[in-house]
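Everything below concerns the one structure shown next.
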Amino acid sequence: MGANKKINHEDVKQMVTEDLVAKIASEKAELNKVKFGHAVTSLDNPLSIRTKRRDIARLITELANRTNQKSKAK
């Protein structure tokens, strides 16, 4: 996924929970890589850090919503 491409809400809704957890982990690792790279040298697009952070927040929010719905169903 490109640095400037947002994750769509529809795409997140269609993901399986296991895929969602894996995507969160990979996005966090990629964010750390970009942040360390930015500390050493300047990035072509420093706003990519903000985009990554917001994408991770979208994924975590969807995971939390699924967890809450599962607990309410019981």
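The values are calculated or read from the model by the stated rules, or taken from the named source; none is laboratory data. As the structure is a prediction and not an experimental result, all values here were calculated from the model. A quick note on method: Cβ atoms are made from the backbone with ideal geometry, for glycine too, and the neighbour counts reach across all protein chains shown.
Numerical summary
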| item | result |
| --- | --- |
| Test: L59 is of a type in the set (A, V, I, L, M), within 11 Å of the chain's Cα centre (by Cα) and surrounded by 12 or more Cβ atoms within 10 Å (Cβ to Cβ) | yes |
| Subset of segment 4-33 [over 12 Å from L63 (Cβ atoms), aliphatic (A, V, I, L, M) and modelled with pLDDT of 95 or more] | A29, L31 |
| Identity of the residue in segment 19-56, more than 17 Å from I7 (Cα to Cα) and in contact with a helix residue (DSSP H, G or I) (Cβ under 8 Å, 6 or more places away or on another chain), that ends up surrounded by the most Cβ atoms within 10 Å (Cβ to Cβ) | V34 |
